[in-house]
1. Which ³J(HN,Hα) values in Hz, rounded to whole numbers, follow from the phi angles of the range 263-275 under the Karplus curve 6.51 cos²θ - 1.76 cosθ + 1.60, where θ = phi - 60° and Gly and Pro get x?
2. Given just the C-alpha atoms of the range 295-376, how large is their convex hull per residue in cubic angstrom?
3. Per residue of the range 333-346, in order, report the coupling 6.51 cos²θ - 1.76 cosθ + 1.60 (Karplus, θ = phi - 60°) as ³J(HN,Hα) in whole Hz, putting x for Gly and Pro.
4. Output the relative contact order of the range 353-392, whole-number percent, from Cα pairs under 8 angstrom with separation of 6+ residues.
5. Probe radius 1.4 Å, ligands and nucleic acids left out: which of Arg228, Arg103 has the largest accessible area, and how do the rest follow?
6. Which one, Leu313, Gln299, Ile262, projects farthest toward the positive side of the charge dipole computed for the range 248-365 from Cβ point charges (K/R +1, D/E -1)?
Amino acid sequence: MSRVDRYKKIHEESKKTERKASLVRREIKKPTHEQESPNDESVFTQNAYEEPEFEDNYYDEPTKQKSKLRFPALKIPRWKRKAKRQEVYPNRKKPKKKRRVGRIILKIIALLLVYSAVTFGIGNVVARSDSSIPDIETQEFNGVESVDGTKNILLLGSDTRDNETGRADSMMILQVDGTGKTKLVSFMRDMYVNIPGVGENKLNAAYAYGGADLVRQTLKENFGVDCRYYAMVDFQSFEKGVDALFPSGVPIEAEKDMSAYIDEPISQGMQRMNGHTLLNYARFRMDEEGDFGRVRRQQQVIQTVFSQLKNPLVLLRGPYAAGKIFGYLSTDMGNGFVLANTFNFAKTAMGIDRLTLPVDGSWSYGDTYNAGSVLFVDFAQNAQAVQSFLAK
């Protein structure tokens, strides 16, 4: 045998050996595959009997079930102190509380408005049904707004008795809707003026000739001021209005002792006056000052009455008393105007700016054939003074 044949034989034998080895490996792997097969009962029995795997499965399942059981968490309230620093509210809870406070305030304001409206109406009905005072009809009044848009009110105090028209005892202009404080202008009734359609006479004669509207026209022609509304009150109405607003009297300081031509004497000094005494104090002029002193005291009375509105008890009685006073008045002011200017009327409690015409240095005494003793005035100077005063 040659060397080549010998190599071939060895090569073939090695191949057979490798084939046998591969068959042996396959047979060894085959039982392992059969053990994994579920169709072999012996293998299944042997696998089911293996305790470690069974024990692992037995203890794993309860553990998984326990992990799934969850008890609800109990929330225990805790009291915390308020932080000293300002907290941040990302969900805007704080503004919601502010809105609640705002709603409460609006409800309180609404209740006050309802209370004021109801009590005002009650007082108005009581006054109109009062038979002790003769009814005073509303006069025709062609009022207009001022150039600056303000609605001046012409206040008239008349000595009317039994519905007979007499001369105006006092004449004033009240401005409540202007800038700054409430303004009050008093006109001396003895000023010698030109009354439209009548001629020259005392200012207070204008009311006797043509009522409130002729007084308005006279003031406009001589002093250049106009009024939108008027309010006229007689003596009895004034007394009842004061007593309704101030049952215990008005605290006021009398300038001097007074006794001439009044119903009861008045002593100098601080005191409380009822409606009747206060009227006598405001009308007194039997001294050396004459009408100048009376006009000053009239302004003092009005300012004192308005200043008492700051008293909380007076504020509670205010709507009822205002309704009663409004019922006694002869006026063309509507309820809408009064309600719309409630704040402006209340503003008078903070003080009143006052002016009296004629101003100092613009007048002189004189006598006339038709009106007796009068005051001759410089109309240009007084017109400028009153217009500047109301325009402040």
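1. Residue by residue, the range 263-275 yields 5, 9, x, 10, 9, 5, x, 6, 6, 9, 10, 7, x Hz.
2. Details: hull volume 12.0 nm³, N = 82.
Hull volume normalised by residue count: 146 Å³.
3. Result, rounded to whole Hz: 6, x, 4, x, 5, 5, 5, 5, 10, 4, 5, 5, 5, 5.
4. Values: 30 pairs, mean separation 15.4, N = 40.
Relative contact order comes out at 38 percent.
5. Working: Arg228 70, Arg103 150 Å².
Largest to smallest exposure gives the sequence Arg103, Arg228.
6. The residue sitting farthest along the positive end of the dipole is Leu313.
The values are calculated or read from the model by the stated rules, or taken from the named source; none is laboratory data. Bear in mind the structure is a predicted one, so any value in this text is a computation, not a measurement. Every residue, glycine among them, receives a Cβ derived from its backbone with ideal geometry; neighbour counts consider all protein chains shown. Accessible surface is based on the protein model in full, side chains and every heavy atom, while ligands, DNA and RNA are left aside. Shrake-Rupley method; radii C 1.70, N 1.55, O 1.52, S 1.80 Å.
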